[in-house]
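Nothing in this text is a laboratory measurement; each read-out follows from the coordinates by a stated rule. Not measured: the values here are computed from a predicted model. Cβ: placed from backbone, ideal geometry, glycine included. Neighbour counts: every protein chain shown.
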Amino acid sequence: MPELPEVETTRRGLLRHVRGRRIQSVLVHEQRLRWPVTPELPTLLSGQLVRAIERRAKYLLLRMPNGTLIVHLGMSGNLRVVRGAQALLPHDHIELQLDSGAALRFNDPRRFGCFLYTTEAPRHHKLLKDLAPEPLTRRFDGEYLHRVTRGRRVAIKSLLLNGRLVTGVGNIYASEALFRARLRPQRQARSLTRAHCTRLVSAIRAVLKSAIRAGGTTLRDYVSAEGAPGYFKQKLYVYERAKLPCRRCRTPVRQLTQGQRSTYYCPQCQR
DNA sequence: ACGCCCTCCTGTTGGC
DNA sequence: TGCCAACAGGAGGGCG
């Protein structure tokens, strides 16, 4: 579910309610996530101040004096701030009770998300150390994308989902960025010229920024930390629009499967 | 090194 | 109405 815009929207929603708060207690209702939640989590977190909430790719980092909580929302996860004694919902797996009286709840039906605590610098953590540059920084530019696509026979759409080469882009925004860059998703990555790469980087940055402004994309169940859906779905050009007219040229949008994931594109606009 | 495929899970949807 | 297969926003890991 959540790609960079949804994770960033969650981060921003958490800031006002969680940053600067102390964790009073921790309840783990389900420890079987993508990786098992350590039984020590309550001991490790209780009493700690949440100093900062950062994002690296699709990971949220809650920085505390003694370490960092690394959270990934997987396909179906969300982090919500609830006031007081709200009833527990199905799949509310972890709750951090704050000194404000509010609580942070991690809900994840499919349990592909993770909730890990580390005392090492997050950038050295196994899950983060090999990630590509942040897509909204200057390190991610046309020259970079051109360099990492050299010699790669994989379809450009699939390459966009490889977090070691490009981060933050998931299945929705990969199709959307390629539409905006007017590039066919099936093209071998190595066929992209430097100019194509510049165009594609611009398209990725634009679609991610635009989606952040819209509060992310809610297809089915994504909600922000404050429970609000994102409304970028209204601005999607191709994703989940198979057979519907392209919003630019009216040609029916096509759907195909690449690497067991659905891809959408306009055969007229994208070459 | 690269690229493909499987896997982890639950919930929803669409076809028969 | 019921059943069942297909599919869903991620990404690590294993294999050839």
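What FRET efficiency comes out for A:Tyr231 versus A:Thr257 if R0 is 25 angstrom and r is the Cβ-Cβ distance? Round to the nearest 0.05. Write down the numbers at each step before the final one.
On the way: r = 28 Å, r/R0 = 1.11.
Plugging the Cβ-Cβ distance into 1/(1 + (r/R0)^6) gives 0.35.
In debye, nearest 20, what is the charge dipole magnitude of segment A:4-124 about its Cα centre with +1 on Lys and Arg Cβ and -1 on Asp and Glu Cβ, if you could check? If you can, show how the numbers build up before the last one.
Values: 19 positive and 10 negative charges, 80 e Å.
Here the size comes out at about 380 debye.
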Report summary line: Fewest to most Cβ atoms within 10 Å: A:His124, A:His72, A:His91 sort as A:His124, A:His91, A:His72
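At a 10 angstrom cut-off on C-beta neighbours, averaged per residue, how do the peptides A:251-259, A:55-63 rank from highest to lowest? Each step should come with its number before you reach the end.
Details: A:251-259: 15.0, A:55-63: 19.9.
Per-residue Cβ counts within 10 Å, averaged per peptide and sorted highest first, yield A:55-63, A:251-259.
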**Report entry** Mean projection area, nm², convex hull over Cα of chain A
**Finding:** 14.0
Report task. Quick one: grab the alpha carbon gyration tensor of segment A:113-271, order the square roots of its eigenvalues as a ≥ b ≥ c, and give me rounded if a/c is under 1.5, else prolate or oblate depending on whether a/b is larger than b/c. Result -> oblate
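How would segment A:43-86 be classified by its alpha-carbon gyration tensor: rounded, prolate or oblate, with rounded meaning a/c under 1.5 and the a/b versus b/c comparison settling the rest? Intermediate results must be reported in sequence, preceding the final value.
Working: a/c = 2.03, a/b = 1.07, b/c = 1.90.
Taking the square roots of the gyration eigenvalues as a ≥ b ≥ c, segment A:43-86 is oblate.
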Requested in this report: Give the relative contact order (percent, whole number) for chain A; include only Cα pairs under 8 Å separated by 6+ residues.
Outcome: 19
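With a/c under 1.5 counting as rounded, go ahead and sort segment A:4-124 into rounded, prolate or oblate using the C-alpha gyration tensor (a ≥ b ≥ c being the square roots of the eigenvalues; past the cut-off, prolate if a/b is larger than b/c, else oblate). Working shown, then result.
On the way: a/c = 1.15, a/b = 1.01, b/c = 1.13.
Since a/c stays below 1.5, the shape of segment A:4-124 is classed as rounded.
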Report task. Rounded to the nearest Å, what's the spacing between the alpha carbon centres of segment A:4-71 and segment A:231-259? Just the number, please. Result -> 35
Query - A:Arg139 versus A:Ala242: modelled label distance in nm, points set 7 Å from Cα along the beta carbon direction - result: 3.8
